[in-house]
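Q: Dumping the structure here so I can ask a few things about it.
The values are calculated or read from the model by the stated rules, or taken from the named source; none is laboratory data. Note that this is a predicted model, so its numbers are computed, not measured. Here Cβ is always computed from backbone atoms with ideal geometry, including for glycine, and neighbour counts include all displayed protein chains.
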Amino acid sequence: MATKKTFKRQSALWLEGARLRTLPLAVAPVAIGAGATASIQSFNLTLSLLALAVALCLQIGVNYANDYSDGIRGTDAKRVGPLRLTGSKSVKPEAVKRVAFAFFAVAAIAGLAIVLITQIWWLIAVGLVAIIAAWFYTGGKSPYGYAALGELSVFLFFGLVATVGTAYIQIDNFEKNSLVMIVSFAGATAIGLFSSAVLMVNNIRDIDLDRHVSKKTLAVKVGKTAAKAIYFAFVWIPMILLSVFVLFYPATIFAFVSFFFIAPATLIVATAKTPKELILALKLTSFGALAYSLLLAYGLATVSIG
């Protein structure tokens, strides 16, 4: 009985450490990229699922990697929000590190499968860069996440690379399908901004502690007021882009459902007095991004341009 309880407790700890609420940010870009290819009848379920596996495993891997790196630095000692495995000393640091690299390895295997199927060999280099970036976000001696570059990295990898990459591997010629390229880049910009918004609200929540431990996030660099203004831009520019999408893909109008997540999140960020209040804004932003991406993908797929 004791062993069963211990297993359940350990499982719960690892699930909490995976930060499942961040996974919509991995699903979102793949959905948009797949939706863009469906509009020209180039959707490939196998490649889409492999791209999703890469994105999910990278997201979980980077969550554990951040847990490990921030934990051994002492950054997470008094962190508000989800349990940190390393910072709370619930799990040995080396175990967290090993699990992070295990997820990176699974992402690499899924990525290699994509390369073997598509024969696009230079994607190996893209995958290596993505894994290196995931580790050095908070890992190593000079993590770029401590130098106000986190939002830029998230925009690039969980916006442009993931979305455009998902579309690229499913079509024969990006140049001949220029509309798909334009649509995927526009969708990538929108979801990249959403992902950056999630990181920004997280960093606004932790701004006082990060300042205390010399973690120079963008929020710390610009101050709380400017950071909130940047967050507002990150979540509302995608809504402007959606208005353009609707002109050419009428069914994408359903993606405005995300407004019901973004509006209250904006209100919370604007009025929050304590870090704990921002936890709900983080969740709302994440699920707003998921609703936006899934419904945008549906709207793209319903218009055939092939």
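Q: Collect the residues in segment 111-151 that are within 22 Å of Ile191 (Cβ to Cβ), touching a Ser or Thr at 6+ places or on another chain (Cβ under 8 Å) and part of a helix (DSSP H, G or I), keeping them in residue-number order.
A: Ala133, Tyr144, Gly145, Gly150, Glu151
Q: Starting from residues that are buried (at least 17 other Cβ atoms within 10 Å of the Cβ) and not in a helix (DSSP H, G or I), keep the ones in segment 173-210 and report whichever is modelled with the lowest pLDDT.
A: Asn177
Q: While we're here: Which pairs do you get when a residue that is of a type outside the set (Gly, Ala, Ser), found in segment 119-136, comes within reach of a residue that is assigned to a loop (DSSP other than H, G, I, E, B), reach meaning Cβ atoms under 8 angstrom, with the pair 6+ apart or on two chains?
A: Taking only residues 6 or more apart or on different chains, the pairs are Ile120/Ile169; Leu123/Ile169; Phe136/Pro143.
Q: Search segment 264-289 for residues being of a type in the set (A, V, I, L, M, F, W, C) and touching a Leu at 6+ places or on another chain (Cβ under 7 Å), and hand back the single one that is farthest from Ala233 (Cα to Cα).
A: So the residue we want is Ala272.
Q: Please work out which residue is nearest to the chain's Cα centre (by Cα), limiting yourself to segment 32-50 and to residues that are among the hydrophobic types (A, V, I, L, M, F, W, C) and within 15 Å of Val180 (Cβ to Cβ).
A: Ile32
Q: Among (1) more than 20 Å from Ser184 (Cβ to Cβ); (2) at pLDDT 95 or above, there is one condition Leu278 misses while meeting the rest; what is its number?
A: (2)
Q: Yes or no: Ser196 on the phi > 0 side of the Ramachandran plot and in contact (Cβ under 8 Å) with a residue 24 or more places away in the chain?
A: no
Q: Further, regarding this structure: When you look at Ile60, is it part of a loop (DSSP other than H, G, I, E, B), in contact (Cβ under 8 Å) with a residue 24 or more places away in the chain and of a type in the set (A, V, I, L, M, F, W, C), yes or no?
A: So Ile60 fails the test.
Q: Here's a follow-up. Counting only residues that are among the β-branched types (Val, Ile, Thr), over 18 Å from Gly192 (Cβ atoms) and buried (at least 19 other Cβ atoms within 10 Å of the Cβ), how many does segment 41-64 have?
A: Total satisfying the criteria: 1.
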